[in-house]
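What follows is one structure encoded as C-alpha cells, with my remarks underneath.
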Amino acid sequence: MTNQENKHMNPSIAAIMPTAPRPNCIFVSGRGSYLEDLHGNTYLDFIQGWAVNTLGHNHPALVETIQRQAQTLINPSPAFYNEPMLQLAERLTANSAFDHVFFANSGAEANEGAIKLARKWGARYKNGAHKIITFENGFHGRTLATMSASGKAGWDGLFEPKVAGFIKVPYNDSAAVAQAIDDQTVALMLEPIQGEAGVLPAAVEFIRSLRRLADDNNLLLIFDEIQTGIGRSGELFCYQHFGIEPDIMTLGKGLGGGVPLAALLSKQEFSCFEFGDQGGTYNGNPLAAAAGFAVINEVLAEGFLHRVRELGDYLIRHLQVLSNRYALGTVRGKGLLLALETRDLDATQIVTMALERHLLLNAPRPNCLRFMPALNVAPEDIDRMIEILDGILTELRVMSHEA
C-alpha cells in the first residue's frame, strides 16, 4: 500500500484501551519538529513524546543506525553480551559518575530497579533498612512500586494496597527530609526537576543538603533523571548543575530518542544485585542500545549542549515577553525543559486551541504549560510556536474582557 493510499484510510480506534483522552488526529510520519497526520496536516511539536525525541522525529543518524542494526542483530537474549549494549554502557559510564549500567525498556522499569537495588543494599549493608524518602508531587512511573513512590495528586486511593515503605515529604524542604529519617531509612529519591508537577526545579542548596544528609546518615541518594537526562537540562545529566554526585541514577525518555530504552546506573560500591535479582526479556537488546548510542553520540558532539543552553535561553526570553504582555506567571526550568504559569487562564484550554492551530503543547497542571521541544529545535520553529501561542493568548484575553 502506498503512502497516498494510506492517507485515505480511516483506521478504527475502537480496539485501543481508553487510558488517555487522545484527540482524533492520527499521526503517520514525522520529521524534525513536525508531525504529519493521516490527512496530510502538519503539526509543530513542542511535546516530542514527553521529552522523548531528543533529536526530533526521524533524525537521520538515528534512522540509519536502526536500519543498519535491524539488518545485523535485533535480540540475541539478555543472557548474552552484545556489542551495542557494551558500547552504550561504556559511553554512559565514561561521561558520568557511575560504574555500572542495567538497561531497561521504560523509565518506570529503571526506577523500579533503583528501588530494588536500594532495598537490596539496605538488606545487605544496613540491617534491613528499606524505607525510601520521596517527595510530594514527584512522579516516578506507573508500576505499582513507582506509583507508591510518587507523590502525584489523585493517586492516593488508586490500586490499593500500594507498596509500603515510601515516606513523602515536601520538595525543597531539607528540614522535613531530616525529620523523616530513621534507622529504617535506606535512600532519598527525587527528580532534580519535577516534570509532571509543572517543571519545578530543586534549589541548589536543597540538593547539596540532601547529599550531606545522605552522607551523614549512610543513605543512598537516587536521582530520577528520566525526564532531565541526556541533555534536556543543558548538561548531559541534570545532577551536573549542582556540584554533587548521586549514588544511583535512572535514565529513560531521551536516552533512546524515541526507541523504548531506559537505564539504571550505579556507583560500583552500591551495585549489589546478585545473579537472578534483576532482568528482562528485552533489556539491553542491540536494536535499542544502538539507537541510544547514536543519540548520545549526537548529544556529546562538540557544541551540542552549548546550543541547547542557547536555545533554552532564547525560548525563556520569548516566554517572558508573553508572560509580561498577558500578566501571566513565572517561566521556570532548565535547558529545554521549561514551563509557563498561565495564572487565571486555563492551560488545558490553551492546549486545545493550540491543537486546532496545529501546535502540540502540554499542560501538566491546570494553570501551567510545559515545553519539551527537540534539543536541536530551530530558532524559527520557536518563533512560530511563540507566534501561535501569542495569538491564542490575545484571543483568550479578549474573551475574558468581553465576559
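The values are calculated or read from the model by the stated rules, or taken from the named source; none is laboratory data. Note that the structure is a prediction, hence the values are computed from the model and not measured. Using ideal geometry, Cβ is built from the backbone for each residue, glycine included, and neighbour counts are taken over all protein chains shown.
When MET147 is tested against (1) hydrophobic (A, V, I, L, M, F, W, C); (2) over 25 Å from ILE47 (Cβ atoms); (3) assigned to a helix (DSSP H, G or I), only condition (2) is not met. So, in segment 266-282, exactly how many residues are in a loop (DSSP other than H, G, I, E, B) and crowded, with 24+ Cβ neighbours inside 10 Å? Result for segment 266-282: 0. Among the residues making up segment 373-387, those that are surrounded by fewer than 18 Cβ atoms within 10 Å (Cβ to Cβ) and assigned to a helix (DSSP H, G or I) are PRO379, GLU380, ASP383, ARG384, ILE386, GLU387.
Kindly provide the set of residues from segment 235-260 that are surrounded by 24 or more Cβ atoms within 10 Å (Cβ to Cβ) and over 23 Å from ALA118 (Cβ atoms), ordered by number. Hits for segment 235-260 are GLY254, GLY256, GLY257. Here the condition is being surrounded by 21 or more Cβ atoms within 10 Å (Cβ to Cβ), more than 18 Å from the chain's Cα centre (by Cα) and modelled with pLDDT of 95 or more; of ALA123, ALA118, ALA164, it holds for ALA118 alone.
Pairs linking a residue in segment 361-380 that is touching a residue at least 40 places away in the same chain (Cβ under 8 Å) and outside the structural domain of ASN137 (by TED's automatic domain parsing) to a residue that is of a type in the set (Asp, Glu) and in a strand (DSSP E or B), with Cβ atoms under 6 Å and 6 or more positions apart or on different chains, are CYS368/GLU341. The selection criterion, being touching a residue at least 24 places away in the same chain (Cβ under 8 Å) and over 19 Å from ASN95 (Cβ atoms), holds for LEU188.
Within segment 254-265, is even one residue assigned to a helix (DSSP H, G or I) and outside the structural domain of GLY329 (by TED's automatic domain parsing)? Yes.
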